[in-house]
Number of protein chains: 2
Amino acid sequence: MPFAYDYARPALTVDCVVFGLDEADLKVLLIQRDLEPFAGRWALPGGFIHMDETLDQAARRELQEETGLAKVFLEQLYTVSDIGRDPRERVVTVAYYALVRLGDHHVQAATDARNAAWFSADDLPRLAFDHDVIVSMALQRLQGKLRYQPIGFELLPPKFSLTRLQQMYEIILERPLDKRNFRKKVLSLDILEDLEEVEQDVAHRAARLYRFDERKYRQKINDGFNFEL
Amino acid sequence: MPFAYDYARPALTVDCVVFGLDEADLKVLLIQRDLEPFAGRWALPGGFIHMDETLDQAARRELQEETGLAKVFLEQLYTVSDIGRDPRERVVTVAYYALVRLGDHHVQAATDARNAAWFSADDLPRLAFDHDVIVSMALQRLQGKLRYQPIGFELLPPKFSLTRLQQMYEIILERPLDKRNFRKKVLSLDILEDLEEVEQDVAHRAARLYRFDERKYRQKINDGFNFEL
């Protein structure tokens with residue numbers, strides 16, 4: 001073994017909780033492990049950090065390699081270090097969470113033929129390692145951040161109706177919101193652009209479409225504006 | 001070198017940004033390095049993780065060893081992994097921030113005779129490694145969290161006047177607050193206990209003293225209350 005040190009070192013990994021949203025549910029992307037420990041069990045995409053990359057780069061590389069996902073919203077979540085969390089040896093993992101637009105990305109299994117699949121966040125299979133704890137932490141972070149940062153737009157298509165926007169908040173926050181108050185609040189923030197288009201091919205009455213105006217949002221933040229929904 | 005691995009591993013450390021508050025300033029606790037690299041330069045207390053401890057335990061042990069501080073509020077901040085951040089070798093560090101009551105704790109230098117001292121957060125000396133970046137991140141986290149979690153009380157004595165409480169917010173948020181609005185807001189949260197005592201030995205008119213009622217706060221949080229100041 002060619003890498004020797006004066007003191008013992010934990011192995012260092014990254015793990016990613018990837019969230020997506022469909023009409024009904026918040027989803028989490030999992031891969032099925034083909035090796036022990038936990039062979040056959042579902043787990044978060046992730047792996048060991050390389051010496052020539054930062055943690056962010058490692059997380060993006062692992063996501064790409066294991067699920068085909070690239071250019072997603074990715075943020076560091078928490079570093080988990082319980083002594084016995086990996087049965088093989090001491091492994092410290094830096095957890096990330098990612099937000100993706102489900103329509104934009106075709107998820108593919110890694111080249112080593114492991115399955116990759118989306119699961120409902122509230123109905124996950126039994127996970128490998130302490131990945132259930134990491135998913136809970138990611139969900140809590142997402143729920144907390146949603147209120148004061150416009151990260152939810154990362155989960156929506158670029159054009160969306162106010163109904164779709166409200167559904168996103170309701171699904172993630174796990175509670176119904178009053179329609180009239182929600183619309184009043186969200187429009188008063190003045191960070192949505194009315195596209196003067198309506199939905200196409202819908203059974204119900206076509207709703208007006210909006211997009212998140214990120215430039216306007218950044219300008220307002222610079223001017224001391226507090227996003228809060 | 002007795003510890004050998006199949007793949008290279010970064011060294012893993014913890015570093016702590018310890019905040020304290022006096023009448024005028026937010027303070028940061030620093031230690032003066034006696035070894036290269038950066039010998040003589042001021043730095044955050046911290047060090048290498050042991051194989052039989054979690055990151056939280058490592059942070060508490062290093063704080064105790066290097067500054068004598070024990071039983072402080074401590075929270076993980078961010079894990080920093082820039083490739084060249086340590087000139088010796090690849091070191092990934094898990095940054096923590098701690099909040100202490102200045103009166104409660106006598107800070108002492110470590111047994112290996114390094115200096116430990118408090119510096120004003122807005123007038124720090126040149127720091128070792130990327131510790132200036134870590135301090136900035138900690139300050140930003142503290143400013144952000146202060147608004148929606150009652151962590152500021154960790155910096156105050158157990159009994160405080162509303163003026164002292166307001167000063168704490170003003171010092172950390174770096175802006176003046178309207179006295180009347182502040183008092184109205186903070187009392188309306190109904191998480192302070194009026195101790196029916198007044199300050200002793202003060203030159204100005206003695207102000208009424210309060211304490212943070214943590215039990216009441218937890219109860220309210222369980223009932224769906226949102227702390228926001």
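The values are calculated or read from the model by the stated rules, or taken from the named source; none is laboratory data. Quick caveat, the model's predicted, so the values are computed rather than measured. Neighbour counts are summed over all protein chains in view; Cβ atoms, including those assigned to glycine, are modelled from backbone coordinates with ideal geometry. Surface accessibility is based on the protein's heavy atoms, side chains included, excluding ligands, DNA and RNA. Shrake-Rupley method; radii C 1.70, N 1.55, O 1.52, S 1.80 Å.
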- prompt: Does B:Asp34 satisfy the criteria of being acidic (Asp, Glu) and open to solvent by 40 Å² or more (accessible area, probe 1.4 Å)?
  reply: yes
- line: Selection over the range B:70-91 where residues are more than 21 Å from the chain's Cα centre (by Cα) and within 11 Å of chain A (Cβ to nearest Cβ) yields a count of 8
message: Quick test of your reading of the structure: A:Met1 fulfils all but one of (1) touching a Phe, Trp or Tyr at 6+ places or on another chain (Cβ under 7 Å); (2) assigned to a strand (DSSP E or B). Name the failing condition by number.
response: (2)
- prompt: Among A:Phe129, A:Phe48, A:Phe119, which is within 22 Å of B:Asp56 (Cα to Cα) and touching a Lys or Arg at 6+ places or on another chain (Cβ under 7 Å)?
  reply: A:Phe129
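Counting only residues that are outside any helix (DSSP H, G or I) and over 17 Å from A:Asp213 (Cβ atoms), how many does the range A:172-196 have?
Step one: filter the range A:172-196 for residues outside any helix (DSSP H, G or I), giving A:174-178, A:189-196.
Within this subset, residues satisfying the condition of being over 17 Å from A:Asp213 (Cβ atoms) are A:174-178.
Total satisfying the criteria: 5.
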field: Filter result for the condition that a residue is exposed (fewer than 14 other Cβ atoms within 10 Å of the Cβ), outside the structural domain of A:Gln140 (by TED's automatic domain parsing) and under 21 Å from the mean Cα position of the chain (by Cα), over A:Arg180, A:Arg175, A:Arg205, A:Arg164
entry: A:Arg175
field: Within the range A:1-45, tally of residues that are closer than 21 Å to A:Asp82 by Cα and of a type in the set (Ser, Thr, Tyr)
entry: 2
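Per-residue answers, yes or no, for (1) within 14 Å of chain A (Cβ to nearest Cβ); (2) farther than 19 Å from B:Ala138 by Cα; (3) over 14 Å from the mean Cα position of the chain (by Cα); (4) surrounded by 21 or more Cβ atoms within 10 Å (Cβ to Cβ):
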| position | (1), (2), (3), (4) |
| --- | --- |
| B:Val28 | no, no, no, yes |
| B:Ala39 | no, yes, yes, no |
| B:Pro45 | no, no, no, yes |
| B:Ile49 | yes, yes, yes, yes |
| B:Leu63 | no, no, no, yes |
| B:Gly68 | no, yes, yes, no |
- request: Starting from the range B:13-27, keep only residues that are farther than 17 Å from B:Phe153 by Cα, then list their pairs with residues that are open to solvent by 10 Å² or more (accessible area, probe 1.4 Å) and among the aromatic types (Phe, Trp, Tyr) whose Cβ atoms are within a distance under 8 Å, requiring at least 6 positions of separation or different chains.
  value: B:Thr13/B:Phe48
field: Among the candidates B:Tyr169, B:Tyr217, residue that is over 28 Å from B:Phe119 (Cβ atoms), assigned to a helix (DSSP H, G or I) and in contact (Cβ under 8 Å) with a residue 60 or more places away in the chain
entry: B:Tyr217
